[in-house]
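See below for the structure under consideration.
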């Protein structure tokens with residue numbers, strides 16, 4: 001894929017320099033999910049521009065910050081698995097993908113919930129057992145229009161915490177990207 005990204009709105013960061021919102025971060029994550037699902041077809045997908053313009057890093061004369069759209073790119077690059085895993089079941093409005101880590105010692109699960117309702121996702125694994133304790137990274141907010149601005153405290157960030165598979169379910173908070181990692185026993 002030559003280039004992909006969102007491009008709309010007022011030019012706040014110079015010519016073509018648009019602002020991105022939480023809802024756009026959810027869209028970027030869903031785009032990544034499609035590339036992962038179709039990794040037998042896509043060998044490379046180039047994100048259009050990195051800084052200002054339609055980029056995922058926004059700058060002022062003295063500061064820089066990740067735009068909301070940069071957060072899923074950073075998160076998935078750093079934490080998502082490398083070997084796709086087939087999923088089954090009805091997901092409704094949720095967009096869910098999974099992959100094993102490159103060395104096969106952990107399973108990563110990513111859930112995008114673009115709705116205003118929190119959900120629970122049942123996790124059943126065939127061919128292995130997951131450790132009940134794991135890691136969780138969350139990008140979320142109360143306002144789909146939330147954005148980050150250079151020189152100001154981010155309104156949208158990646159929050160890392162522990163995860164628990166008690167009850168064989170993971171949370172999909174409203175307006176969120178939730179990425180989980182559980183070691184395979």
To the nearest 10 degrees, how steep is helix 22-37 against the longest Cα principal axis of the chain, on a 0 to 90 scale? 50 degrees
Among 44-50, 66-72, 168-174, 29-35, how do they line up from the highest to the lowest mean number of other beta-carbon atoms within 10 Å? 66-72, 29-35, 168-174, 44-50
Classify region 93-185 as rounded, prolate or oblate from the Cα gyration tensor: take a ≥ b ≥ c as the square roots of its eigenvalues, call it rounded if a/c is under 1.5, otherwise prolate when a/b beats b/c and oblate if not. prolate
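Taking the number of other C-beta atoms within 10 Å as the exposure measure, put 22, 175 in order starting with the fewest.
Numbers: 22 26, 175 23.
By the 10 Å Cβ count, ascending, the order reads 175, 22.
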Can you pull the semi-axes for region 1-106, root of five times each eigenvalue of the Cα gyration tensor, sorted largest first, whole Å? 29, 15, 13
Tell me the angle of helix 70-79 to the major Cα principal axis of the chain, expressed in degrees between 0 and 90 and rounded to the nearest ten. 30 degrees
Given the C-alpha centroids of region 127-151 and region 156-180, what is the distance between them in whole angstrom? 6 Å
With the Cα gyration tensor of region 1-51 giving a ≥ b ≥ c as the square roots of its eigenvalues, does the rule (a/c under 1.5 for rounded; else a/b larger than b/c for prolate; else oblate) give rounded, prolate or oblate? oblate
Largest-first principal axis extents of the Cα set of the chain (Å): 52, 34, 29
Rg and Dmax of region 111-156, Cα atoms only, in Å: 15.9, 48
Bridge orientation stat for region 22-184 from DSSP, antiparallel percent rounded to 5, came to 95 percent
Dividing the helical contributions, -39500 (n - 2.57) per DSSP H run of n ≥ 4, by the residues of the chain yields a 222 nm value, nearest 500 deg cm²/dmol, of -4500 deg cm²/dmol
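None of the figures in this text is laboratory data; all of them are computed from the coordinates on show. Everything quoted here is computed from the prediction, not taken from an experiment. Cβ: placed from backbone, ideal geometry, glycine included. Neighbour counts: every protein chain shown.
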